[in-house]
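Read the structure below first, then the notes.
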Amino acid sequence: MKMLANLKKSMLFLILFVFSGLTCAQDFHVAIARWDPFIMITKGKATGISIDYVRELCRRLGVNLVLHELPWLRAIRMFERGEVDAMVNLYFTQARTSTMTFAIPYYENMNMRFYTYKKSGVRIKQHADLYQYEIGAVEYAANYPNFDLDAKIKTHATASDEHALKMLLHHRFKLIIAAEIQMDHMLDNSDNSEQIEKLDYAPSQTSAVHIALSKKSAFIKELPRINQYTRAILEEGLIESYAKKHIRKHTKAHK
């Protein structure tokens, strides 16, 4: 009888173990790098448009979101090696499709703009005017096709937009390129905003922000559901509400 009782206990434990394994939500590892107002890090806590989006996406997928805050270049390298499942805040380029698969965009019509320091004398009226300057640009970041694919444009690689702005303030170069929404937000929260000028020249091409999956991730099979839920999040107006919550109105002198 004692042996039978122990056998029943063992079988019950096995059933509970298997059942818990089937019902336990999987961890979805996402690499993030600061990119205001999409990802803002305050005292180790991540907030922003992309954070709200990926939290809601994971809720609908039924997975546990695990964020890995990293410098931009380290994040992208880990992602390419498949050490994390996904990244947000990515622009689509054909070159990137060798290591990552893009979901539909969750934020569109991103305008890229050029910034200089006050009294730099820089004037850009057309694309060809860019050729005479070395332009600070974040390493491995995508901007817009006419810029990224033009071999005549000279760029100076920077580690981040914050790094590019610091170098611009120290006159290491006369121009930087950045997403307008991101750089304006950064300047609105900077003591140096009045030293920076946003040029009137605005490229006609815009970009869109995606979540992308590593081709080495097991979650690649979830792409149809990720697209489905992203589309629903957009249709429900949630991205718009996230933007209103996190984007401050730009009123300072850089405009």
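Could you list all residues from the stretch 181-199 that are outside any loop (DSSP other than H, G, I, E, B), over 26 Å from residue 242 (Cβ atoms) and at pLDDT below 95?
Going residue by residue through the stretch 181-199, those that are outside any loop (DSSP other than H, G, I, E, B) are 181-188, 193-198.
Narrowing further to those that are over 26 Å from residue 242 (Cβ atoms): 194-197.
Matches in the stretch 181-199: 194 only.
Only one of the numbered conditions (1) among the β-branched types (Val, Ile, Thr); (2) in a helix (DSSP H, G or I); (3) crowded, with 19+ Cβ neighbours inside 10 Å; (4) in contact with a Leu (Cβ under 7 Å, 6 or more places away or on another chain) is violated by residue 220, and that is (3).
Pairs are defined by a Cβ separation below 7 Å, a sequence spacing of at least 6 or placement on different chains, a first member in the stretch 30-44 that is in contact (Cβ under 8 Å) with a residue 60 or more places away in the chain, and a second member that is of a type in the set (Lys, Arg); the pairs so defined are 40/34. The residues on offer are 243, 202, 178, 212, and the sole one that is part of a helix (DSSP H, G or I), small (Gly, Ala, Ser) and either touching a residue at least 40 places away in the same chain (Cβ under 8 Å) or in contact with a Leu (Cβ under 9 Å, 6 or more places away or on another chain) (or both) is 243. Being more than 18 Å from residue 116 (Cβ to Cβ) and of a type in the set (D, E, K, R) is the requirement here; does residue 184 meet it? Against the criterion (more than 18 Å from residue 116 (Cβ to Cβ) and of a type in the set (D, E, K, R)), residue 184 does not qualify.
Wholly within the stretch 102-174, which strands (runs of 3 or more DSSP E) include no fewer than the required count, namely at least 2 residues that are touching a residue at least 60 places away in the same chain (Cβ under 8 Å) and in contact with a helix residue (DSSP H, G or I) (Cβ under 6 Å, 6 or more places away or on another chain)?
Working: elements: 107-117, 134-138, 154-158.
Filter on the stretch 102-174 gives 107-117.
Here is a list of conditions, (1) buried (at least 18 other Cβ atoms within 10 Å of the Cβ); (2) touching a Cys at 6+ places or on another chain (Cβ under 9 Å), and residue 113 meets all of them except one; can you say which number that is? Status for residue 113: all satisfied but (2). Screening the candidates 131, 117 for the property of being in contact with a His (Cβ under 7 Å, 6 or more places away or on another chain) and not assigned by TED's automatic domain parsing to the domain that holds residue 232 yields one hit, 117.
The values are calculated or read from the model by the stated rules, or taken from the named source; none is laboratory data. As the structure is a computational prediction, the values presented were derived from the model and not from experiment. Neighbour counts are summed over all protein chains in view; Cβ atoms, including those assigned to glycine, are modelled from backbone coordinates with ideal geometry.
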